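The values are calculated or read from the model by the stated rules, or taken from the named source; none is laboratory data. All values reported here derive from a predicted model rather than from experimental measurement. A quick note on method: Cβ atoms are made from the backbone with ideal geometry, for glycine too, and the neighbour counts reach across all protein chains shown.
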Amino acid sequence: MTPRKMSLKQKYGAYTRGLDWKPTYQREDDVFPFAKYEGIKIHDWDAWEDPFKLTMDAYWKFQAEKERKLYAVIDSMAQNNGQLGITDARYLNAVKLFIQGVTPLEYQAHRHFAHLARHLPGAGLRVAAQMQSIDELRHCQTQIHTISHYNKYFDGIHDFTHMHDRLWYLSVPKSFFDDATSAGPFEFLTSISFAFEYVLTNLLFVPFMSGAAYNGDMATVTFGFSAQSDESRHMTLGLEAVRFLLEQDEANVPIVQGWIDKWFWRGYRLLSLVGMMMDYMLPKKVMSWGEAWETYYEQAGGALFADLARYGIREPKYADVAKAEKGHMTHQAWGIFYNYTHAAAMHTWDIDEAHMAWLREKYPDTFAQHYEPRYRKWREQAEEGKRFYNNGLPQLCQVCQIPMAFTEVGDPNTISFRVSEHGGDRFHTCSDGCKDIFDHEPEKYAQAWLPVHQIFQGACGGATLPEVLDWYHINQGADNMDYAGSPEEEQWNRWMEGRRPVVPVAAE
Amino acid sequence: MIKPVSISIQNTQDGFAIVEAILADNPEATSNPLPAMTKVDCPGRLVIRADSVSERLGREWDPQEIHLSVISLSGSVDEDDGSLIIFWR
């Protein structure tokens, strides 16, 4: 009798649970030492069902196909001077921010999902974590490989891993992930797989990759979508993992809710960088931060939390603050970078008239009143030869590590900050969201490596700015400062010579 | 309220066929084009049928090939040999 072909679900069962065994000469608690200390109660690991029935053999087949497609594009970019196809050299600063800030997180995710693939007691979840670990390594490698083409021509990309560990604005994504990987396995799943990948990742990848497509960056679109195809699997894992925890025991609900509140706010603060990129760094813009927030959080998140309400889960605490801040957040973030562009490995620039008109249209309630006058003043100063650089070091939030420049909700003229006391010291946070996180685990956040504190303690190469920038490995005068007057601008203009129409277009 | 589900698909040859199949098989689905991708929204539930995509591609399409074309989704997923369903429980 010829064996019958297994159905997808049977095959999936055989390739996951079918490979598992019960330990006999070691106690289960010794084999999985991290499984219980967070207080999460799981009664039946067999109740876990992976939404995508992807088995290892199919996984390798599809991932290989994705790689073939991606490397065809990478080769084509290199052979065809793909860097000439982008809309404007200023666009590349979004790519710099990505490789400095996000690519190292992919590697961190690779490492920690490998940890989960060993330490989660359920076989189905372990297999999913193992695939995700390999995915994340692939993302890290393909991003480095793709962006290496731009590194041949543009500044600020040359030492991104070193910069990720040291630069003030990169401590924002770094500390976010350090926080997650130093938590237990279930908090990590809730933080990265659910709060970040399911609830917020669309806000990172979709506008970023759509932005790349719109700005002629074929390479980034391709690695982005190649990664994002894995991301759909990760986000579905996150949703099902959280649902599984909630269904297993009622006592899990308040623990998971606490993690959702915390990681929503951590993720939202991290996305300030993405929001700023969308509103300020794309020469051709896809959608504003405000619009993306409405589509990907308010609509999609609304459906999600309505679905989870049956378990007693509510919307993340302070989601209302994020909603109320959406007309302010990106402008304030860009302001920070404009103030400190001399200490950043990317450029900023004057906001021109067309850009201001777009911002007025997208942010009718806030831009013209609060931010346009600021940009006009800065332009005036620059034209008088007094371009403003902030030479003081900013106070940082102890939790999100963003310079304290965000304002109170409903009062955009007052900087928001909160104070907590712990062990006889005072700790400052930027918001109620970050203060709650600090107060819940002060022992953890009191240890934060804050770039500004480290400079003052003499741990960052010296007491002067050039010494600190050397310690950052910033190539001074090329990686930092405004785009106007940069070597990159000079190079771009030289490339574009002869490409511009000599005869004015008649229709104009 | 019927909660919306959605899926975003790459604008590729396979992707176009998948979007077409979804729109044909889910009368309430609407498509929103964005640079390089198409977001399909549908109230409550959305099904991607393998035979429907295969017919449009002119070759046999395995529902697991969705992994080569998908960018993002909103909703829970159920997958079997002939289809992929996105839904809210």
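Quick look at the values:
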read-out: Residue check for residue A:50: surrounded by 13 or more Cβ atoms within 10 Å (Cβ to Cβ) and closer than 28 Å to residue B:79 by Cβ; value: yes
read-out: Residue B:9 surrounded by 20 or more Cβ atoms within 10 Å (Cβ to Cβ), more than 9 Å from chain A (Cβ to nearest Cβ) and among the β-branched types (Val, Ile, Thr); value: yes
read-out: Test: residue in the stretch A:188-203 that is in contact with an Asp or Glu (Cβ under 7 Å, 6 or more places away or on another chain), over 30 Å from residue A:284 (Cβ atoms) and of a type outside the set (A, V, I, L, M, F, W, C); value: no
read-out: Restricting the stretch A:228-275 to residues that are more than 13 Å from the chain's Cα centre (by Cα) and of a type in the set (Val, Ile, Thr), the residue that is nearest to the other protein chains (Cβ to nearest Cβ); value: A:236
read-out: Inter-residue pairs, beta-carbon under 9 Å, first free of Cβ contacts under 8 Å to residues at least 60 places away in the same chain and within 11 Å of chain B (Cβ to nearest Cβ) and in the stretch A:62-78, second hydroxyl-bearing (Ser, Thr, Tyr) and in a helix (DSSP H, G or I), 6+ apart; value: A:62/A:229
read-out: Qualifying residue in the stretch A:461-472 (condition: small (Gly, Ala, Ser) and touching a Ser or Thr at 6+ places or on another chain (Cβ under 9 Å)); value: no
read-out: Residue count for the stretch A:336-391, restricted to those that are among the polar types (S, T, N, Q) and touching a helix residue (DSSP H, G or I) at 6+ places or on another chain (Cβ under 8 Å); value: 4
read-out: When residues of the stretch B:14-25 are limited to those that are out of contact with any Lys or Arg (no Cβ under 8 Å at 6 or more places or on another chain) and without any contact (Cβ under 8 Å) to a residue 40 or more places away in the chain, the one farthest from the other protein chains (Cβ to nearest Cβ); value: B:24
read-out: Test result for residue B:47, touching a residue at least 12 places away in the same chain (Cβ under 8 Å), buried (at least 17 other Cβ atoms within 10 Å of the Cβ), closer than 27 Å to residue A:67 by Cβ and not aromatic (Phe, Trp, Tyr); value: no
read-out: Output for the stretch B:62-89, where each listed residue is touching a residue at least 60 places away in the same chain (Cβ under 8 Å) and within 16 Å of residue A:237 (Cβ to Cβ); value: B:70, B:72, B:73, B:74, B:75, B:86
read-out: Single unsatisfied condition, residue B:78 versus (1) within 30 Å of residue A:288 (Cβ to Cβ); (2) within 8 Å of another protein chain (Cβ to nearest Cβ); value: (1)
read-out: Lone unmet requirement of (1) within 14 Å of chain A (Cβ to nearest Cβ); (2) under 26 Å from residue A:12 (Cβ atoms) for residue B:54; value: (1)
read-out: Filter result for residue B:31 (more than 11 Å from the chain's Cα centre (by Cα), surrounded by fewer than 19 Cβ atoms within 10 Å (Cβ to Cβ) and either among the charged types (D, E, K, R) or away from every other protein chain (no Cβ under 14 Å) (or both)); value: no
read-out: So residue A:303, is it modelled with pLDDT under 95, touching a helix residue (DSSP H, G or I) at 6+ places or on another chain (Cβ under 8 Å) and surrounded by 18 or more Cβ atoms within 10 Å (Cβ to Cβ); value: no
read-out: Checklist (1) more than 10 Å from chain A (Cβ to nearest Cβ); (2) surrounded by 20 or more Cβ atoms within 10 Å (Cβ to Cβ); (3) of a type in the set (Lys, Arg) applied to residue B:59, failing item; value: (2)
read-out: Any hit, the stretch A:21-44, residues being over 31 Å from the mean Cα position of the chain (by Cα), polar (S, T, N, Q) and more than 30 Å from residue A:257 (Cβ to Cβ); value: yes
read-out: Candidates A:483, A:472 - the one that is surrounded by 15 or more Cβ atoms within 10 Å (Cβ to Cβ), under 23 Å from residue A:274 (Cα atoms) and either in contact with a Leu (Cβ under 6 Å, 6 or more places away or on another chain) or at pLDDT below 95 (or both); value: A:472
read-out: Answer residue from the stretch A:12-31, given it is among the polar types (S, T, N, Q) and free of Cβ contacts under 8 Å to residues at least 60 places away in the same chain and is surrounded by the most Cβ atoms within 10 Å (Cβ to Cβ) among those; value: A:26
read-out: Which listed residue is surrounded by 14 or more Cβ atoms within 10 Å (Cβ to Cβ), in contact with a Ser or Thr (Cβ under 6 Å, 6 or more places away or on another chain) and within 18 Å of residue A:261 (Cα to Cα), from A:438, A:427; value: A:438
read-out: Per-region count, the stretch A:206-226, residues under 17 Å from residue A:284 (Cα atoms) and within 11 Å of another protein chain (Cβ to nearest Cβ); value: 14
read-out: Single residue of the stretch A:133-151 satisfying the filter (within 23 Å of residue A:490 (Cβ to Cβ) and free of Cβ contacts under 8 Å to residues at least 24 places away in the same chain) that is surrounded by the fewest Cβ atoms within 10 Å (Cβ to Cβ); value: A:148
read-out: Those residues of the stretch A:453-465 which are closer than 20 Å to residue A:161 by Cα and not polar (S, T, N, Q), in sequence order; value: A:455, A:459, A:460, A:461
read-out: Members of the stretch A:7-21 that are aromatic (Phe, Trp, Tyr) and either in a helix (DSSP H, G or I) or closer than 13 Å to residue A:50 by Cα (or both); value: A:12, A:15
read-out: Single unsatisfied condition, residue A:3 versus (1) at pLDDT 90 or above; (2) loosely packed, with under 13 Cβ neighbours inside 10 Å; value: (1)
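Per-residue answers, yes or no, for (1) over 20 Å from residue A:181 (Cβ atoms); (2) of a type in the set (Phe, Trp, Tyr); (3) part of a helix (DSSP H, G or I):
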residue	(1), (2), (3)
A:225	yes, yes, yes
A:231	no, no, yes
A:236	yes, no, yes
A:241	no, no, yes
A:253	yes, no, yes
A:257	yes, no, yes
A:264	no, yes, yes
A:267	no, no, yes
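Residue-by-condition table, conditions (1) surrounded by 22 or more Cβ atoms within 10 Å (Cβ to Cβ); (2) in contact with a Pro (Cβ under 8 Å, 6 or more places away or on another chain); (3) within 14 Å of chain B (Cβ to nearest Cβ):
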position	(1), (2), (3)
A:158	no, no, no
A:167	yes, yes, no
A:176	yes, no, no
A:181	no, no, no
A:198	yes, no, yes
A:201	yes, no, yes
A:204	yes, no, yes
